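Here's the structure, in structure tokens; my notes come after.
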Amino acid sequence: MVGAIVALNFIFLPTTWPMAVFVIIHVIATSARITLNLFRFLLGIVLISLSYFSVMYFVQFTSWNIDYFPFGKMKPVTDYTDLFPLIPVVLMLVYAVYDHFQNYNKKSPISRYKYTFLLVFSLAQLITIILYMNMSYEYLLLLAFPSSIILSRMLRFLPKYWMQEASLWLIIISLLTFKAGTVFDLF
């Protein structure tokens, strides 16, 4: 199933290939039957690929689009000025990850596993963003879900209510400033 999802993801957005690497690393790190699970993953990819190529052949799309190989378009982000309003959010994410590892031994094994999974998933998405975003800020949406989980956990474990409230408002203001800066070209 996961292989099928990764293959569909690649068909609709080829620049998400780091997700396949993430899944392979995750299977190797957490599975008891690595060979079986890697076979299932590859089988899912092969089945979706065969289905896709069969449908494309029947509708007479027999030429290959070179855009499905996103490796030639890798231009890392060089101008970060538009992202300056997101600095408070990035600092909170760094603090949340630091706090997680600071209290790592106090957490249950399930909580550790889930949060580490989320961090590795975020790293795979971050690789996609660094390699392909350039000026297409829509790629930041790939980090919206894991970042919201990480930040909500950080807000939950802040010691004082006023710190939670101030951090939430800082997140909101940072995101609104970033959006206004990109829409009205403020930076």
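The values are calculated or read from the model by the stated rules, or taken from the named source; none is laboratory data. Quick caveat, the model's predicted, so the values are computed rather than measured. All Cβ positions, glycine included, derive from the backbone under ideal geometry; neighbour counts span all protein chains shown. For accessibility, only protein heavy atoms count, side chains too; no ligands or nucleic acids. Shrake-Rupley method; radii C 1.70, N 1.55, O 1.52, S 1.80 Å.
Relative to the dominant Cα principal axis of the chain, helix 144-156 is inclined by about 30°. Number of Lys-Lys pairs in the chain with C-alpha atoms under 26 Å apart and a separation of 8 or more places or on different chains: 6. When the accessible area of the chain is split by element with a 1.4 Å probe, what percent falls to carbon and sulfur? Exposed carbon and sulfur together represent 73 percent of the surface. Of PHE41, PHE61, the residue with the largest accessible area leads and the full order is PHE61, PHE41 (1.4 Å probe).
Compared with the dominant Cα axis of the chain, that is its longest principal axis, helix 34-58 is turned about 60°.
For segment 45-139, just say rounded, prolate or oblate: build the C-alpha gyration tensor, square-root its eigenvalues into a ≥ b ≥ c, call rounded for a/c under 1.5, and beyond that prolate if a/b exceeds b/c, oblate if not. Since a/c reaches 1.5 but b/c is at least a/b, the shape of segment 45-139 is classed as oblate. Mind checking the angle between helix 2-12 and the chain's longest principal axis? C-alpha axes, 0 to 90 degrees, to the nearest 10. Taking Cα atoms only, the helix is inclined about 90 degrees. Can you pull the one-decimal nm distance between simple spin-label points at ASP79 and LYS179, each 7 Å off the Cα toward Cβ? Here the modelled spin labels are 2.3 nm apart. At a Förster distance of 30 Å, what's the computed FRET efficiency of PHE39 paired with LEU13, Cβ-Cβ distance as r, to 0.05? After rounding to 0.05, the efficiency reads 0.75. Of the listed residues PHE157, PHE58, the order by accessible area with a 1.4 Å probe, largest first, is PHE58, PHE157. The mean sequence distance of close C-alpha pairs (under 8 Å, at least 6 residues apart), as a share of the length of the chain, puts its relative contact order at 29 percent. Could you state the number of Å between the C-alpha centres of segment 114-139 and segment 1-57? Cα centres, segment 1-57 to segment 114-139: 18 Å. Taking 7 Å steps out from each Cα toward its Cβ at VAL21 and LYS114 produces label points 2.8 nm apart.
Here the 3J(HN,Hα) profile of segment 102-118, calculated from phi with Karplus coefficients 6.51, -1.76 and 1.60 at θ = phi - 60°, is 5, 9, 4, 6, 7, 8, 6, x, 5, 5, 4, 4, 5, 5, 5, 4, 5 Hz, Gly and Pro shown as x. Rounded, prolate or oblate: which one fits the chain, using the alpha carbon gyration tensor with axes a ≥ b ≥ c (rounded when a/c is under 1.5, else prolate when a/b beats b/c, else oblate)? Oblate. With R₀ fixed at 30 Å, the C-beta to C-beta distance from LYS107 to TYR137 puts the FRET efficiency at about 0.35.
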